[in-house]
Each structure stands twice: as structure tokens, then as C-alpha cells.
Amino acid sequence: MNDNTFFKPTMLLKEYMILDMIEKNPKITQREMSKLIGIAVSMVNDYLEEFEKKGLIKKKKYSTKTVEYLITKKGNEKRKVLNIGYLNSTKDLYFQAKESFEKFLSQVKDKGFTNILLYGAGEVAEMLIHTIMTSKTNQVNVLAVIDDDPNKIGSKIGSYVIIPKESIRDFEHDGILVSTYNRKDEIKAKLLKIDYPIENIIEFFE
């Protein structure tokens, strides 16, 4: 919730984030809240003053610089209502993303790729694996995940082991799905360098 790279907080989300942070840490400062939400300190102060007027929080002032915020019963109820709204919104986004992944996997199957390896043990691989594991219609099987980071080799994403590219030939597979964006061209070049058939390279980011 603290990473706002893709989301500009709405008024309701700001309210939820502030109440949630106070509930978790009554001694949190306005500056810390402003940094986590990505808004000005003055705006955080406006929200806090409004919350106090509505009886959602109480201030316990120790000095001009030290203030403790206490969330009231009414404030905690408001936080829970906002939390439900937040979860419902993120759930909708998740299902939209999952639908997109399922459509892509269906296209992969239609092209004749049933048993595949993923190349790139990152967020895309995690989402693809989660989609495969939870889908009722998917017919694509992931055998393993390839990665060039030696620190990842031997670990797992779900139940799938992460292997080095040198182990590709140990798996009887139909193709390799490049499951990363930043290194997709580099990975494709590495596969071609070891004479891996270009027609068996599947690109998620084309």
C-alpha cells in the first residue's frame, strides 16, 4: 500500500492510509505520513484536523514537536469501512490482470506450446504461475523457471524450482516464455547464442 508508483491516491485512499498508519503507529509524524502517501505535509495536517473535528482521532500533545495520534472507536470503524472499499477496488484490478494473463496463456496453447519454461524469476513469472495454478481452463504447464541470478538458483516460485540456463536441455519442453520486460532482449540474445530455436521463444512483451 505504501508503493504509489502506479496509483495516485484518491481522497478516500488518503483517508484510509492516514487512519491505518495512525492505528499501527500512534507516534507517526506528519512528515512520515506525507512521505508514505506522497502528498504535502500541509495536506496531511488538513486531514488530521478534519478527523479530529469528526471524532475519528484524538491528539495527545507532549510538546510543539511531539504529538501522539489516538484513533477512536468511530475512527477505527471508518478505517475498516475504507479498508473494505480499498480491498474491493484492488480485487477488481487483480481479476482484470488475471483475465489478461489467461487470455495470453490461451494464445500460447493455441500456438502449440503446452509444456514451457519461464525465463526470468520476477513479478511476471509469479503472476503467470499464480494464474496457471488457479485457472480452471488453462492447459499450459510450467516445468521450471530459468534465471541468471546465482542467488536465485535452487529456490522456488510456488512449487517451481529456479534453474540456470545451462539446465534447459534437462527438461523436455515445447518452448521458453521470456517473463521479464527489462531484460527481454538480453535473454533472447542469450538463447539464440546457445542455438535455441527462435520459433520456440515466446515473448510476453512483444
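The values are calculated or read from the model by the stated rules, or taken from the named source; none is laboratory data. Please read all numbers here as calculations on a predicted model, not as lab measurements. Positions of Cβ are generated from backbone atoms using ideal geometry, with glycine treated the same way; all protein chains shown enter the neighbour counts.
Evaluating VAL145 against the criteria (1) farther than 20 Å from TYR196 by Cα; (2) surrounded by 14 or more Cβ atoms within 10 Å (Cβ to Cβ); (3) touching a helix residue (DSSP H, G or I) at 6+ places or on another chain (Cβ under 9 Å) leaves one unmet condition, (1).
When every residue of region 102-115 is checked against the conditions, at least one turns out to be touching a His at 6+ places or on another chain (Cβ under 7 Å), assigned by TED's automatic domain parsing to the domain that holds LYS188 and either surrounded by 18 or more Cβ atoms within 10 Å (Cβ to Cβ) or polar (S, T, N, Q) (or both). Candidates are the residues of region 153-184 that are over 21 Å from LEU105 (Cα atoms) and among the acidic types (Asp, Glu); the one that is nearest to the chain's Cα centre (by Cα) is GLU166.
Taking the criterion of being without any contact (Cβ under 8 Å) to a residue 24 or more places away in the chain and on the phi > 0 side of the Ramachandran plot, the only residue of region 36-76 that qualifies is GLY55. Screening region 13-35 for residues that are in a helix (DSSP H, G or I) and out of contact with any helix residue (DSSP H, G or I) (no Cβ under 7 Å at 6 or more places or on another chain) and picking the one that is farthest from TYR69 (Cα to Cα) gives LYS35. Residue check: ALA121 meets all listed conditions (1) in a helix (DSSP H, G or I); (2) of a type outside the set (Lys, Arg); (3) out of contact with any helix residue (DSSP H, G or I) (no Cβ under 7 Å at 6 or more places or on another chain); (4) under 17 Å from PHE205 (Cβ atoms) but one, namely (1). Those residues that are surrounded by 13 or more Cβ atoms within 10 Å (Cβ to Cβ) and of a type in the set (S, T, N, Q), I need them from region 44-83; list them, please. Correct list: ASN45, THR72, ASN76, ASN83.
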